[in-house]
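Novice: Mind having a look at this structure? Questions to follow.
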Amino acid sequence: MTGVIDRARELDEEYGIFNALAESDDSMGGGRLEGVAVSVKDNVCVMGMETRAGSRVLEGYRPPFDATVVKKCRGEGALILGKTTQDEFGFGTFNVNTPFKVPVNPHDRERSAGGSSGGAACLTSVADFPHLALAESTGGSISCPASFCGVVGLTPTYGRTSRWGLVDYANSLDKIGVMGKTVADAALLLSVISGPDEYDSTVSQAPPEDFTGYLGNGVEGLRVGVPREYFGEGVDPGVSEAVWGAVKGLEALGATVKELSLPHTGVSLASYYIIAMAEASTNLAKFSGLRYGLHLPLEGAFDEYFSRVRARGFSEEAKRRIILGTFTRMAGYRDAYYMKALRVRTRVIEDFKRAFAEVDILAAPTMPVVAPRFDEISAMEPIQHYMMDVLTVAPNLAGIPMISTPCGRVDGMPVGLHLMADHMEEGKLIRATHALEVSA
Amino acid sequence: MSDHWTIDRGLVERIAKVARLELTEDEIEKFTKQLKVILEAFRELDDVDTEGVEPSFHPQELSNVLREDEATPWSWDPLENTEHREGRYFKGPRIQ
């Protein structure tokens, strides 16, 4: 598959997809992924391949091991193609928060590919060879770029896949997931990477499932809920219309549809950002220029050295999140911010539990808008960036599985339909999106 | 969040010190402004009644995964990615 690597290099030059690329084909073949190139988001460790998670602070780091999900793909015969571009540590919605390459949207180069798994989504869209992507979501980093680039992005239940070998962002939120051009592609890769792992103490003990078994099962009798709050102010009317079109499509295929309410949708944003930043600020404490990554000459006392390495290694958004995350955990502020956010998270989870007592899946727009232009993005304040995640953070806080699949276009740009299901119910998402895909 | 705290340069400098992060004058000024805006927006959590609600540190209950306490071989060298080593040790900056 050496031709694939050459082709990937060309695509990289055109779209800004890779932070590192395989030098040769060392795939073993012979499994479910024989002849398939698997790209890996930069924050997932690949043995011997520079792994920076989009950050200068990890410059030069070559992991001496494969992440569990990578190891599983190799075991199924895949070629591990390279490390795809992302926002630094996953801190972003448009993949512009990185000192390295910024991927462009394959449908319009003036627009964002989405973040934080932007390179993964962009490559999934433009690859003209058999390819599947390993991506990762903390608050919507699979769904958002999948929506903006018009591909399928599947974020599994928290704990469905091992996080061993992932450069952590927020441990109670991070999920390694998949992208593909089709639902069948996504179902195949999830089947390969899910399941228990002795190296991850938070992984579910549910045995691995063959998710391709849900393909073709149809949606007869499937109960679809449409949460009103996901079609509110700030959601582009064209996006709402496209998503409703897909919901009507599910109804025509035999599903039942009802509107319902998830009252804590709006406040999920603040809850999410406080928790994510608090966890991120503790995770980033380990980057100190000693054991791996960016090193500087050992000058000054240890506090001075660490502070200097970190100032040099982190870019602006990472610094902002460290400051905010440290603040919300500090004595005196912790109860009002961090603990309060965790209590609101309980409310968000209860919203979903109540909904899933009545329906099988929830349908909503993935993002409130289509991919914005880079000039629009650079005019936005940080709080406006965060607000773009208002539709994806709640399911991520609850750790439920979600899938984004293309459902039409607005201004020539893809719109994403977001389906969500209860914990461990990925099968229902695959059934529904596959039914829509084959009926289109 | 009934109390109102003053978000000022002093606070940002204090946080940066705790977080071992050297900030430039420009960054301190910029982050002070942004912190005010962002924390003000986060205060909408005040509107949610969470009386008697337990905090969710995790999205769902998962049980711990334990294995037998037996040594297994580990094939890689923890020192291979550092530039600061002396013999079989990491070399760090001086303590003071």
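Novice: Could you please give the count of residues in the range B:39-60 that are more than 7 Å from chain A (Cβ to nearest Cβ) and either more than 19 Å from residue A:333 (Cβ to Cβ) or hydrophobic (A, V, I, L, M, F, W, C) (or both)?
Specialist: Number of matching residues: 4.
Novice: Can you tell me how many residues within the range A:363-385 are buried (at least 19 other Cβ atoms within 10 Å of the Cβ) and either touching a Leu at 6+ places or on another chain (Cβ under 7 Å) or among the small types (Gly, Ala, Ser) (or both)?
Specialist: The total comes to 7.
Novice: Exactly one of these conditions fails for residue A:212: (1) of a type outside the set (A, V, I, L, M, F, W, C); (2) over 22 Å from residue A:51 (Cα atoms); (3) buried (at least 24 other Cβ atoms within 10 Å of the Cβ). Give me its number.
Specialist: Here residue A:212 meets the rest and fails (3).
Novice: Another question, then. With the requirement that a residue be among the aliphatic types (A, V, I, L, M) and crowded, with 24+ Cβ neighbours inside 10 Å, what does the range A:81-126 give you?
Specialist: Result: A:81, A:113, A:120, A:121, A:123.
Novice: Moving to a separate point now. Could you check, for the range B:54-77, whether at least one of its residues is without any contact (Cβ under 8 Å) to a residue 60 or more places away in the chain, more than 24 Å from the chain's Cα centre (by Cα), more than 25 Å from residue A:160 (Cβ to Cβ) and surrounded by 15 or more Cβ atoms within 10 Å (Cβ to Cβ)?
Specialist: No, there is no match, as no residue in the range B:54-77 is without any contact (Cβ under 8 Å) to a residue 60 or more places away in the chain, more than 24 Å from the chain's Cα centre (by Cα), more than 25 Å from residue A:160 (Cβ to Cβ) and surrounded by 15 or more Cβ atoms within 10 Å (Cβ to Cβ).
Novice: Could you list, in sequence order, the residues of the range B:56-96 that are polar (S, T, N, Q), modelled with pLDDT of 95 or more and touching a strand residue (DSSP E or B) at 6+ places or on another chain (Cβ under 7 Å)?
Specialist: B:82
Novice: Where the second residue is surrounded by 20 or more Cβ atoms within 10 Å (Cβ to Cβ) and among the polar types (S, T, N, Q) and the first is more than 8 Å from every other protein chain (Cβ to nearest Cβ) and in contact (Cβ under 8 Å) with a residue 24 or more places away in the chain and lies in the range A:337-352, which pairs have Cβ atoms under 7 Å and are six or more apart or on separate chains?
Specialist: The qualifying pairs are A:338/A:328; A:348/A:268; A:348/A:271.
Novice: Okay, next question. I'd like the full set of residues that are closer than 18 Å to residue A:221 by Cβ and either at pLDDT below 95 or touching a Phe, Trp or Tyr at 6+ places or on another chain (Cβ under 6 Å) (or both), limited to the range A:233-251.
Specialist: none
Novice: State whether the residues of the range A:306-327 include one that is under 27 Å from residue B:93 (Cα atoms), at the interface with chain B (Cβ under 10 Å from one of its Cβ atoms), surrounded by fewer than 19 Cβ atoms within 10 Å (Cβ to Cβ) and under 24 Å from the mean Cα position of the chain (by Cα).
Specialist: There is at least one residue in the range A:306-327 that is under 27 Å from residue B:93 (Cα atoms), at the interface with chain B (Cβ under 10 Å from one of its Cβ atoms), surrounded by fewer than 19 Cβ atoms within 10 Å (Cβ to Cβ) and under 24 Å from the mean Cα position of the chain (by Cα).
The values are calculated or read from the model by the stated rules, or taken from the named source; none is laboratory data. Bear in mind that the values here come from a model prediction, so they are computed numbers and not experimental data. As a convention, Cβ positions derive from the backbone with ideal geometry for all residues, glycine included, and neighbour counts pool all protein chains shown.
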